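Peer 1: Okay, handing you the structure first.
No value in this document is a laboratory result; all are computed from the given coordinates. These numbers were taken from a predicted model, which means no experiment stands behind them. Cβ placement follows ideal geometry from the backbone for every residue including glycine, while neighbour counts extend to all protein chains displayed.
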Amino acid sequence: MSDNFLTVNVVTPNGIVYDHHAVIVVARTTEGELGILPNHVPIIAPLAIDEVRVKRTDSDSHVDWIAVNGGILEFRDNVLSIVADSAERERDIDVSRAERARQRAEKLIEEAKAHENIDELRRATVALHRAINRINVSKHS
Ligand code: ATP
């Protein structure tokens with residue numbers, strides 16, 4: 001059956017972060033940017049640490065932004081489900097916390113480089129991406 005909207009759910013261990021009807025959703029998978037329109041073919045893809053943009057059916061031009069920290073996207077039967085370790089809407093992001101996380105991660109990266117600690121470098125780089133993603137998404141609130 002063909003529809004003119006899709007349903008978007010974003011779920012984390014803390015519960016449902018987002019649940020709306022949309023005309024288009026744009027997300028970044030580990031393979032690149034993906035735009036989902038109603039009636040898209042079924043797909044499952046791992047997500048990058050990045051923003052998800054949702055154009056809702058109930059607003060003319062407004063776009064909701066969600067910082068998604070990895071996870072999995074699944075689309076079928078006009079339902080887009082995103083399951084992530086953590087995800088925050090633009091209005092829920094604590095910018096000063098994200099800024100502190102960014103500074104902490106940058107310091108850890110310098111230390112890890114100095115000690116040639118590859119595991120710590122990888123962890124801190126991921127933490128830096130999470131923080132920068134939150135800072136970028138918060139700018140849309
Ligand atoms: P921090 O070092 O500030 O805890 P983090 O990247 O380690 O950041 P996560 O482990 O990804 O944090 O998330 C832990 C919980 O805190 C999740 O529920 C996440 O949604 C929330 N969270 C993390 N950072 C922020 C933020 N800047 N604003 C709002 N919620 C946040």
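Peer 1: For a footprinting-style exposure proxy, rank 139, 55 by other Cβ within 10 Å, fewest first. Before the final figure, lay out each step's value.
Peer 2: Working: 139 10, 55 15.
With the fewest neighbours first, 139, 55 line up as 139, 55.
Peer 1: Under the rule of at least 5 residues apart or a separate chain, name every residue whose amide H is placed under 5 Å from the amide H of residue 18.
Peer 2: 10
Peer 1: Can you give the alpha-carbon Rg of the stretch 9-48 over 2.2 N^0.38 Å, where N counts its residues? All intermediate terms of the calculation are to be shown ahead of the outcome.
Peer 2: On the way: Rg = 11.3 Å, N = 40, 2.2 N^0.38 = 8.9 Å.
This ratio for the stretch 9-48 stands at 1.26.
Peer 1: Charges only on Cβ, +1 for Lys and Arg, -1 for Asp and Glu: so what's the dipole of the stretch 1-72 about the Cα centre, in debye to the nearest 20?
Peer 2: Working: 4 positive and 9 negative charges, 11 e Å.
The dipole magnitude comes to about 60 debye.
Peer 1: A further question follows. What net charge is computed for the residues neighbouring residue 66, neighbours being all others with C-beta under 14 Å from the C-beta of residue 66, Lys and Arg scored +1, Asp and Glu -1? Walk me through the numbers before you get to the answer.
Peer 2: Values: positive: 28, 53, 55, 56, 89, 91, 130, 134, 139; negative: 19, 50, 51, 64, 85, 88, 90, 92.
With Lys, Arg at +1 and Asp, Glu at -1, the net is +1.
Peer 1: Give the long-range amide H neighbours of residue 48: residues separated by 5 or more places, or on another chain, with amide H under 5 Å away, using H modelled in the peptide plane at 1.01 Å from N.
Peer 2: 28, 29, 30
Peer 1: Excluding residues fewer than 8 places away in the same chain, name every one of the lysines whose C-alpha is closer than 20 Å to that of residue 139.
Peer 2: Qualifying lysines at Cα under 20 Å: 55.
Peer 1: For residue 56, enumerate residues with amide H under 5 Å from its amide H, sequence gap 5+ or separate chain, H modeled in the peptide plane.
Peer 2: Close amide H contacts, sequence-distant or interchain: 23, 64.
Peer 1: Related question: As I understand it, the dipole of the chain uses +1 on the Cβ of Lys and Arg and -1 on the Cβ of Asp and Glu, about the Cα centre. Which of 65, 82, 9 lies farthest toward its positive end?
Peer 2: After comparing all options, I get 65.
Peer 1: Let me ask something else about it. How big is the Rg/Rh ratio for the stretch 6-90, C-alpha atoms only, Rh by Kirkwood, two decimals? Kindly include the intermediate steps, with their values, before the conclusion.
Peer 2: Numbers: Rg = 11.4 Å, Rh = 12.4 Å.
Rounded to two decimals, Rg/Rh equals 0.92.
Peer 1: Per 0.36 nm of contour for each residue apart, how much would the distance between residue 103 and residue 72 grow if the chain were fully extended, relative to their Cα-Cα spacing?
Peer 2: Working: separation 31, 0.36 × 31 = 11.16 nm, distance 2.78 nm.
Full-extension gain reported as 8.4 nm.
Peer 1: For 53, 97, what's the fewest-to-most ordering of other Cβ within 10 Å of each Cβ?
Peer 2: Numbers: 53 19, 97 11.
Going from least to most buried by this count: 97, 53.
Peer 1: Still on this structure: Below 11 angstrom from the Cβ of residue 88, what's the summed charge of the other residues (Lys, Arg +1; Asp, Glu -1)? Write down the numbers at each step before the final one.
Peer 2: Details: positive: 89, 91, 97, 130, 134; negative: 51, 90, 92, 94.
So the environment of residue 88 carries a net charge of +1.
Peer 1: Can you work out ³J(HN,Hα) from phi for every residue in the stretch 53-66, in order, using Karplus 6.51 cos²θ - 1.76 cosθ + 1.60 and θ = phi - 60°, giving whole Hz and x for Gly and Pro?
Peer 2: Going residue by residue, I get 10, 10, 9, 7, 6, 9, 9, 5, 10, 5, 10, 8, 10, 10 Hz, with x marking Gly and Pro.
Peer 1: Pick from 111, 51, 90: which is most flexible by mean-square fluctuation in a GNM of the chain where alpha carbon atoms under 10 Å apart are linked?
Peer 2: Residue with maximal mean-square fluctuation among 111, 51, 90: 111.
Peer 1: Where the centroid of each part is defined by its Cα atoms, how far is the stretch 1-39 from the stretch 61-135 in Å?
Peer 2: When both Cα centres are located, 19 Å separates them.
Peer 1: Here's another thing I want to ask about it. Evaluate E = 1/(1 + (r/R0)^6) for residue 114 and residue 4, where r is the Cβ-Cβ distance and R0 equals 41 Å; express this FRET efficiency to the nearest 0.05. Intermediate results must be reported in sequence, preceding the final value.
Peer 2: Numbers: r = 56 Å, r/R0 = 1.36.
After rounding to 0.05, the efficiency reads 0.15.
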